[in-house]
Amino acid sequence: MATRHLLPLPLLPIPLVYKTLPRFPSKPFGPLLRTLCSSAASSSSYSSMASTPKKVLVPIANGTEPMEAVITIDVLRRAGADVTVASTEKELCVDACWGVKLVADALVADVAAASFDLISLPGGLPGSATLRDCGVLESIVKKQAEKGGLYAAICAAPAVALGSWGLLKGLKVTCYPSFMDKLPSDATAVESRVQVEGQVVTSRGPGTAMEYSLALVEKLYGKDKADEVAGPMVMRPHHGVEFTITEINSTSWKFDSTPQILVPIANGSEEMEAVMIIDTLRRAKANVVVASVEDKLEIVASRKVKLIADMLLDEAIKLQYDLIVLPGGLPGAQAFSNSEKLVNLLRKQAESSKPYGAICASPAIVLEAHGLLKGKKATAYPAMCDKLLDQSYCENRVVVDGNLITSRGPGTSLEFALAIVEKLFGRQKSLDLAKSMVFV
C-alpha cells in the first residue's frame, strides 16, 4: 500500500475552518432507501413547520463557473434554504464553463420584485462580467446592500461585479488570486480562503466553494447548523493543505492521445459530485461525455439542480471509454444499478482491465451489488460502507486499487477528481490544477 501526499505543504492557519463532522438488485438496499427517504421527509416537514425557509438568490449566466454555482445551491438547500437559481440570459438554460449546461428556475427579471435573505454571485468568465452588466441584477443587489441584507460573491465576481457596483467600499475582501489587483482601491484585499465582513462574504475560487457555502449557512442559520450540514458531506478536516490518496496494486492507466471518459447522470444524482468530476476532468483536457440514463437529456439532481447531459446513454454506449466514473446520490445510484445497459458497459470495462470508479453511494449500490468490487479494496459513503463485503479501506477518502478508484462523498469529490487526473496525466498536472482552483 502506498499513501501519497498530493501536495507536501506545511499545515497553515486557515481563516475559516469547519469541523468534519424503484428497486435494487439486492434486498438490503430497499429498507435503507425507505428509511433515508422517510427520515428526510420527516426532517423536511419538521423544518417547514418550525420556520419559514430563508430565501436565497443565485444568479447564473453563460460562462458561470459551474462548481461555484452548484456547490452553493446544493449546500444552501441542504440547510433548508429556498434557493432560486435565476438566469441573466434570455433563456433558462445557460452554458456554464467547461461545457456544463445548467437550467435556471427563473429569469432574473422574474424575481426583480422579490425579497431575499441572501444573494450569492458565482464567478467564472465571462459569467461574472455578464452578471455585472445585468442592470436588473445590479439593482437587486444594491437594494439588498441598502437594506443591510446579506450578499456574497466568489472567484472573479467580487472584483468584476461587486467592486464595479461600489459595494465593497471600506471592506476587507478576497477573490480569485489573479483578480486581487482588480479589486477597487477603496476595499482592502486579503488572501483569506473565505472572508466574512459584516453582511458581505467573499471567497477565492472553485476549491474554496464548499467553505464559502458553509460560511453562508452559518451567516443565515448559525454555526450549529453549518456544522450539521458539513458533517454528512465528509468535509476535509483542514482546507487548503495537503491531502492523501491511498493506492494499492499500482498500475498505469493507459490511453491513446486524449482520455475518453464517461460520466453517467440520472434523476437524483448528487450534483456537487457530478459537476466537480466533469469540471475538473475537462480542465485537465480529457474528453468527458455526460450521458443521461433517463429518457431525456435534462435530469433533476438530488438537490433539484437541473443539468443537461451531452447525450442519452443509448448513444453513449456505442463509444469506447478509457474510464467510466459514477457520481453518487441515492436515487441516482439506484437508477445506475437498474440500468442493464450501464451495468453491462461497466462489466466490459472491468473485464478489459480498463479503469472505472464511483463515489458516495455508487460503490455500494452499483459496483458491489453487481460484483464489480470482487477482490478489490474500496471505500464509499460512510452510511453505505456496511454494504461493502470488504470494509477494510472504508475510512480512506480516496482509494485506488489497480484499475478501480472509489471515494466517499461530496466533500471528497475534488480529491477524487484530482486523483483521476494524477493517474491519467501525472502528479504535476494534478498539482497545477489543484492550485489553479485554489484547492491547495
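Here are some notes:
- Neighbours by Cβ (under 7 Å, 6+ apart or cross-chain): first from the stretch 125-151, over 23 Å from SER178 (Cβ atoms) and modelled with pLDDT of 95 or more; second among the small types (Gly, Ala, Ser) and open to solvent by 50 Å² or more (accessible area, probe 1.4 Å): VAL136/ALA109
- Taking the stretch 327-360 as the range and being crowded, with 24+ Cβ neighbours inside 10 Å, in contact with an Asp or Glu (Cβ under 8 Å, 6 or more places away or on another chain) and either at pLDDT below 95 or over 18 Å from GLN260 (Cα atoms) (or both) as the test, the residues that pass are GLY328, GLY329, GLY332, ALA335, ILE359, CYS360.
- Test result for LEU345, assigned to a loop (DSSP other than H, G, I, E, B), aliphatic (A, V, I, L, M) and more than 15 Å from the chain's Cα centre (by Cα): no
- The stretch 166-187 - residue that is in a loop (DSSP other than H, G, I, E, B) and within 18 Å of THR64 (Cβ to Cβ) and, of those, most open to solvent (accessible area, probe 1.4 Å): TYR176
- Of the strands (runs of 3 or more DSSP E) entirely within the stretch 1-118, those holding at least 2 residues that are at pLDDT below 95 occupy 2-5.
- Residue tally, condition of a type in the set (S, T, N, Q), open to solvent by less than 10 Å² (accessible area, probe 1.4 Å) and more than 24 Å from MET235 (Cβ to Cβ), over the stretch 400-431: 0
- Flag for ALA364 being open to solvent by less than 50 Å² (accessible area, probe 1.4 Å), part of a loop (DSSP other than H, G, I, E, B) and small (Gly, Ala, Ser): no
- Residue check for LEU121: modelled with pLDDT of 95 or more, in contact with a Leu (Cβ under 8 Å, 6 or more places away or on another chain), within 18 Å of ALA159 (Cβ to Cβ) and surrounded by 17 or more Cβ atoms within 10 Å (Cβ to Cβ): yes
- Any hit, the stretch 375-384, residues being among the β-branched types (Val, Ile, Thr), touching a Cys at 6+ places or on another chain (Cβ under 8 Å) and within 27 Å of THR208 (Cα to Cα): yes
- Some residue of the stretch 204-214 being farther than 17 Å from ILE71 by Cβ and of a type in the set (Asp, Glu): no
- Enumeration of residues in the stretch 379-394 that are under 21 Å from the mean Cα position of the chain (by Cα), part of a loop (DSSP other than H, G, I, E, B) and of a type outside the set (Phe, Trp, Tyr): THR379, ALA380
Here's the yes/no breakdown for (1) touching a helix residue (DSSP H, G or I) at 6+ places or on another chain (Cβ under 7 Å); (2) open to solvent by 20 Å² or more (accessible area, probe 1.4 Å):
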{"position": "ALA106", "(1), (2)": "no, no"}
{"position": "PRO126", "(1), (2)": "no, yes"}
{"position": "GLN144", "(1), (2)": "no, no"}
{"position": "GLY149", "(1), (2)": "no, no"}
{"position": "CYS155", "(1), (2)": "yes, no"}
{"position": "SER164", "(1), (2)": "yes, yes"}
{"position": "THR202", "(1), (2)": "yes, no"}
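- Considering residues of the stretch 265-303 that are charged (D, E, K, R) and closer than 19 Å to GLY207 by Cβ only, the residue most open to solvent (accessible area, probe 1.4 Å): LYS285
The values are calculated or read from the model by the stated rules, or taken from the named source; none is laboratory data. As the structure is a prediction and not an experimental result, all values here were calculated from the model. Neighbour counts run over all protein chains shown; Cβ positions are idealised from the backbone, glycine included. We work out accessible area using only protein heavy atoms, side chains counted, and drop any ligands, DNA or RNA first. Shrake-Rupley method; radii C 1.70, N 1.55, O 1.52, S 1.80 Å.
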